[in-house]
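> Have a look at this one before I ask anything.
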Amino acid sequence: MAGWLSRPASETQVTHGQRLWLYILAGIIMLLLVAPTLIVIPMSFSDSTYLEFPPEQWSTRWYDNYFGSLEWRSATVTSLSAAFLTMLLATPLGVVAAYGLHTSQMRAARLTFVILITPMMVPLILVAIGAFYVYVKLKIVYTLAGVVIAHSLLALPLVLIVTSSALKSYDMNQEMAARSLGAPRWKAFLTITLPQIRFAVITSALLSFLTSFDEVVVAMFVSGGDNSTLTRNMFNALRDQIDPTIAAISTIMIAITTLLMTLAQVFGKTKEGG
Amino acid sequence: MRDSLTDTATEALPITIRGVTKTYGRVHALDDVDLDIRSGEFLTLLGPSGSGKTTLLMVLAGFIRPDRGSLRFGDDEVIRLPPHKRDLGMVFQNYALFPHMTVAGNVAYPLRLRGISKAEAAERVEKALETVQLGGYGARRITQLSGGQKQRVALARAIVFEPRILLMDEPLSALDKKLRERMQIELRHLHDKLGMTTVYVTHDQREALTMSDRIAVINHGRVMQIDTPSRIYDHPANRFVADFIGESTFLPVGRDGPVVAYEGQPLSYTDTPPSGDLVLMIRPERLRILTGEAREANRFEATVTDIVYQGDSYLMYARLADGAEVAVRGVIRSTTFSALPEVGGSVTLGLDPEDTVLIPAGDAPDE
């Protein structure tokens, strides 16, 4: 241990001992970030009828309760459908927009980019209220389509940013070469450009899925009835009766989210290696 | 099936450019360009950066649509055809190879687009790779290749579908000097073998002089002169061409009928000078130091201002009586360099009548 402390931690000869404070600080920050998320996992396996930590008795009854409940299952289907459809809508739209804005010579292109990423900067509650009023007029409030459109609006900026940055490091001359060799532009894009930005596109798709799957504020306003999302029902359940079922659901959601984020990271990393 | 990559020459096409104009805001990237490129010739578009040479190439390729003008490949008007329908090979400055494909995948790409069967494509790919001396490299990844090899793959990809026109946009600029010089010769041989009409863009005058059948010197979106390398070098049509290609000094001359005089001294010359105001163009390697035995040469008295040793040659700067400075280049042999006059000493320079080139005083044609 003493030997490790005096060993250099980097090329600059700073030892692990001198870095000790940094390790501790980083540890505390990570704990604070992760603990609120992780605490629900043991809570979900509690036998108690209300949320408690640490649990005194262990059981999987809340998982049984979740899988046995028609209402929860329906909300899960809604959430997964919304997330999947959001992914299918936002990813191609965002990729096409990123490509168009990247190749455009127009001055308005930069402005358009900023407009398209505003949903990321505007407070979510404003987007939710706005969407609600528009949807009432369009008569698509509490429909799956409404949720998908609103979530796509939120996912689009992520797709746009991830894909644009991939296009920035891509050599557009390749597409010109393909076209000179006889490929129409769409074919040049599909056979030359897309395969080379595929990791960004996959990452975008996963992020779009998660944006919808985890979203609650907009869902509170525009989803409902048969088309309530999982997050909306969880929020209501928390307010009405505090029931460890939502801890079980949270745990499942954490598992799904972590899995998808890990996939995104893995695909994102291989980008450099080609 | 034709077998042209190895034996016979591809039928080439002439290119006719008429009145092609392209403006960006107020800038004329191309200003009413007329150009006839002969069937099967190696034509170089040479000019400084921003001269419009690349814009012209992009018009030929179909990536830039001019404001007006006509472009014909053979008898066909192609100005409205999109790039993928023009059926021409193009080599880009940075190669633009597809890194997600192998060497063979890259070269087979244009064949795949043309619906050629796998077996035939494989055969033609290998043949094209052999043509650029990369036989057996098909399975390599693009990232495993050196710059010169990438260049060859780009070339193989551009010729494998036997286009009748080949466009090259500064294809050698990323290579080091020695490799570049070798590739210049190789590209020229390849052109002679395949026989396609080749349009080559460069800003490197030596490259243009080495490779071309003809050179079109471009500046400010206009063709300043189109001619063979030796005509371009020895008989520039105007001052811009004379200045851009090679080194030169311009001396003002007076004109009185057929008599052209510098500082009152009539010059002897062999070629009929153009009409209008003239200047005398002097290339450093055409000036000689006279040591008495002067034959018909035009003589200039001068004072040596500097002598620069450059290994294979020397460069001597001398000031003429009217204050103009000229440079004299000579080959260094053991006797020549030591025999040069001292700095500050006087020297008599000679210019043969055959090398006495009188050009219009203006910068551009038709002005």
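Readers should treat all values here as calculations from the given coordinates under stated rules, not as data from a laboratory. In this text, all values refer to a predicted model and were calculated from it rather than measured experimentally. We place every Cβ from the backbone using ideal geometry, glycine too, and count neighbours over all the protein chains shown.
> With loop defined by DSSP as not H, G, I, E or B, and exposure as at most 12 other Cβ atoms within 10 Å, which is the longest segment of chain A clear of exposed trypsin sites (Lys or Arg not before Pro)?
The reported range is A:140-274.
> Can you give the relative contact order of chain A as a percent, counting alpha carbon pairs under 8 Å and 6+ residues apart?
Over chain A, the number comes to 27 percent.
> Another one. Within chain A, which DSSP H helices have Cα atoms that stretch 27 Å or more along the helix axis and a mean Kyte-Doolittle hydropathy of at least -1.0?
Those that clear 27 Å and a mean of -1.0 are A:16-38, A:70-103, A:144-168, A:245-273.
> So which trypsin sites (Lys or Arg not before Pro) in segment B:268-342 pass both tests, a DSSP loop state and at most 11 other Cβ atoms within 10 Å of the Cβ?
The qualifying sites are B:R295, B:R333.
> Additional query: I'd like the distance separating the alpha-carbon centroids of segment B:160-224 and segment A:5-52, in whole Å.
Measuring centre to centre over Cα atoms gives 63 Å.
> Under a point-charge model restricted to the Cβ atoms of Lys and Arg (+1) and Asp and Glu (-1), what is the dipole moment magnitude of segment A:70-273 relative to its Cα centre, in debye to the nearest 20?
Dipole of segment A:70-273, to the nearest 20 debye: 700 debye.
> Within a 10 angstrom radius of each residue's Cβ in B:175-186, how many Cβ atoms of other chains show up on average? Whole number is fine.
0
> Pulled fully out, how much extra length does the chain show between B:R319 and B:T270, if you take 0.36 nm times their separation in residues and subtract their Cα-Cα distance?
15.1 nm
> Between A:Q18, A:Q57, A:Q174, which gets the highest mean-square fluctuation from a Gaussian network model of chain A, Cα cutoff 10 Å?
Of A:Q18, A:Q57, A:Q174, the Gaussian network model singles out A:Q18 as fluctuating most.
> I would also like to ask the following. By counting other Cβ atoms within 10 Å of each Cβ, how are A:V134, B:V107 ranked from fewest to most?
Fewest-to-most Cβ neighbours within 10 Å comes out as A:V134, B:V107.
> Report the label-to-label distance for B:S346 and A:Q13 in nanometres (one decimal), using points 7 Å from each Cα along the Cα→Cβ vector.
Going from the B:S346 label point to the A:Q13 one covers 7.0 nm.
> To the nearest 500 deg cm²/dmol, what mean residue ellipticity at 222 nm is calculated for chain A from DSSP H runs of n ≥ 4 alone, each contributing -39,500 (n - 2.57), summed and divided by the residues?
-24000 deg cm²/dmol, from helical runs alone.
> Still on this model: In segment B:150-193, whose amide N lies under 17 Å from the spot 7 Å out along Cα-to-Cβ of B:R140? List them in ranges.
B:150-158, B:175-176, B:179-180, B:183
> Quick one: angle between helix B:177-194 and the longest Cα principal axis of chain B, in degrees between 0 and 90, rounded to 10, please.
Value to nearest ten degrees: 60.
> At a Förster distance of 30 Å, what's the computed FRET efficiency of A:F132 paired with B:T23, Cβ-Cβ distance as r, to 0.05?
Once the sixth-power term is evaluated, E becomes 0.05.
> With a ≥ b ≥ c the root eigenvalues of the C-alpha gyration tensor of chain B, is it rounded (a/c under 1.5), prolate (a/b larger than b/c) or oblate?
Cα axes put chain B in the prolate bin.
> Counting only helical runs of four or more DSSP H residues, what would the 222 nm mean residue ellipticity of chain B come to if each run contributes -39,500 (n - 2.57) and the total is spread over all its residues?
For chain B, the value works out to -7000 deg cm²/dmol.
> Of all GluC sites (Glu not before Pro) in segment A:1-92, which ones are in loop regions per DSSP and have a Cβ with at most 12 other Cβ atoms within 10 Å?
A:E11, A:E56
> Now for a different question. Modelling each spin label as a point 7 Å along the Cα-to-Cβ direction, I'd like the A:D47/B:D36 distance in nm, to one decimal.
Those two pseudo-labels are separated by 10.1 nm.
> Taking chain B as a Gaussian network, Cα atoms linked when under 10 Å apart, which of B:F98, B:F337, B:F63 shows the biggest mean-square fluctuation?
B:F337
> Post the alpha-carbon centroid distance, segment B:248-272 to segment A:117-180, in whole angstrom.
Each part reduced to its Cα centre gives a spacing of 73 Å.
> Something else: Placing +1 at every Lys and Arg Cβ and -1 at every Asp and Glu Cβ, with all other atoms neutral, what dipole size does chain B have around its Cα centre, in debye to the nearest 20?
In total the dipole reaches around 1880 debye.
> Roughly how many nanometres apart are two label points built 7 Å out from the Cα toward the Cβ at A:S104 and B:K85?
Label-label distance for A:S104 and B:K85, simple model: 2.7 nm.
> B:R231 to A:K168: FRET efficiency via 1/(1 + (r/R0)^6), r the Cβ-Cβ distance, R0 35 Å, to the nearest 0.05?
0.15
> Let me ask something else. For chain B, find the longest principal axis of its Cα atoms and tell me its angle to the long axis of helix B:118-131, 0 to 90°, nearest 10.
Around 20 degrees separate the two axes.
> Under 1.5 on a/c is rounded, so check that first for chain A, then, if it is not, pick prolate when a/b is larger than b/c and oblate when it is not; a ≥ b ≥ c are the square roots of the alpha carbon gyration tensor eigenvalues.
Oblate, since a/c reaches 1.5 and b/c is not below a/b.
> Could you check which residue among A:F53, A:F213, A:F84 shows the biggest mean-square fluctuation in a GNM of chain A with a 10 Å Cα cutoff?
Largest GNM mean-square fluctuation: A:F53.
> Which of A:S223, B:S275, A:S250 has the fewest other C-beta atoms within 10 Å, and how do the rest follow up to the most?
Taking fewest neighbouring Cβ atoms as first place, the list is B:S275, A:S250, A:S223.
> Need the list of lysines near A:K187 for cross-linking: C-alpha distance under 24 angstrom, and skip anything on the same chain fewer than eight residues off.
A:K168, A:K271, B:K85, B:K118, B:K150
> How many partner chain Cβ atoms sit within 10 Å of a residue's Cβ in peptide B:83-96, on average, as a whole number?
5
> I would also like to ask the following. Using the count of nearby Cβ atoms within 10 Å as a rough guide to exposure, how do A:Y133, B:Y95 rank from fewest to most?
A:Y133, B:Y95
> Among A:V159, A:Q13, A:S104, whose Cα projects farthest towards the positive end of the dipole of chain A, with charges put on the beta-carbon of Lys, Arg (+1) and Asp, Glu (-1)?
The Cα lying farthest towards the positive end belongs to A:S104.
> Using the alpha-carbon atoms, what tilt in degrees (0 to 90, nearest 10) does helix B:103-113 show relative to the longest principal axis of chain B?
It works out to around 70 degrees.
> Something else now. Compare the Cα positions of A:I202, B:P258, B:S51 along the charge dipole of the protein assembly as shown (+1 at Cβ of Lys, Arg; -1 at Cβ of Asp, Glu; about the Cα centre) and return the one farthest towards the positive end.
Going by the Cα projections, it comes out as A:I202.
> If you don't mind, there's one more thing I want to ask. Let me make sure I get this right: for segment A:30-82, a, b and c are the square roots of the gyration tensor eigenvalues over alpha carbons, sorted descending. Under 1.5 in a/c it's rounded, otherwise prolate if a/b > b/c, else oblate. Which is it?
Cα axes put segment A:30-82 in the oblate bin.
> Could you work out how far the C-alpha centroid of segment A:188-241 sits from that of segment A:77-100, in angstrom?
8
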